[in-house]
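I'd like to ask some things about the structure below.
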Amino acid sequence: MTTPERPDGFRRVAQALRELGHAHPPLWLDVAARTSQEAADALGIAVGQIAKSVIFRRRSDDRAVLVIASGDRRVDERKVGAVTGELARADAAFVRAATGFVIGGVAPLAHASEPLTLIDRELFRFGEIWAAAGHPNGVFKLTPADLERYTGAPVADVVVV
């Protein structure tokens, strides 16, 4: 039996993880996990261990702003804007064009164009976290320190606690 061909976004993330020397290849879930709760349920972990990717559009230059936050926290747009500049909502077309991923599958790396990225410090409550791997069915395991190292993004206080 052969393995089915995976979507481009999933393959890009898998390649980026290989190039980084990451020890854990991405997993393909039997069910789509478009929300943090769906991902946590599929993996049997706490929802806070999901490193969700939230995309905004910076008003001044239309650059994508990626906030990677714990799945059990709500991103505070004002806190993010204080760091990045004024923000606007990003619709599905903007997310796809800027990242190369669909909503529900936005990975923290391997984007179509480099977003301005922030990591919320609340993720550091956990020793192990899971992030989307370029598709709603794709996920991969890492640590918050791995996430910081792979993205080069600053850690900030950008959620409602």
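Among Ser36, Ser53, which is the only one that is touching an Asp or Glu at 6+ places or on another chain (Cβ under 8 Å) and either crowded, with 19+ Cβ neighbours inside 10 Å or free of Cβ contacts under 8 Å to residues at least 60 places away in the same chain (or both)?
Of Ser36, Ser53, the one residue that is touching an Asp or Glu at 6+ places or on another chain (Cβ under 8 Å) and either crowded, with 19+ Cβ neighbours inside 10 Å or free of Cβ contacts under 8 Å to residues at least 60 places away in the same chain (or both) is Ser36.
Give the residues of region 1-22 that are among the hydrophobic types (A, V, I, L, M, F, W, C) and at pLDDT 95 or above, sorted by residue number. Working first, answer last.
First, the residues of region 1-22 that are among the hydrophobic types (A, V, I, L, M, F, W, C): 1, 10, 13-14, 16-17, 20.
Across region 1-22, the qualifying residues are Phe10, Val13, Ala14, Ala16, Leu17, Leu20.
Select from region 19-52 the residues that are closer than 19 Å to Asp8 by Cα and in a helix (DSSP H, G or I) and write down the one among them that is nearest to the chain's Cα centre (by Cα).
Selected residue: Leu20.
Suppose we keep only residues that are free of Cβ contacts under 8 Å to residues at least 24 places away in the same chain and either among the charged types (D, E, K, R) or in a loop (DSSP other than H, G, I, E, B) (or both) within region 76-125. Which one would you say is nearest to Gln15 (Cα to Cα)?
Checked region 76-125; the qualifying residue nearest to Gln15 (Cα to Cα) is Ala112.
Then there is this: Test of understanding: among Val13, Val83, Val65, which residue is more than 22 Å from Trp130 (Cα to Cα) and surrounded by 14 or more Cβ atoms within 10 Å (Cβ to Cβ)?
Val83
The values are calculated or read from the model by the stated rules, or taken from the named source; none is laboratory data. The structure displayed is predicted, hence computed values, not measured ones. FYI the Cβ positions are ideal-geometry reconstructions off the backbone, even for glycines, and counts take in every protein chain you see.
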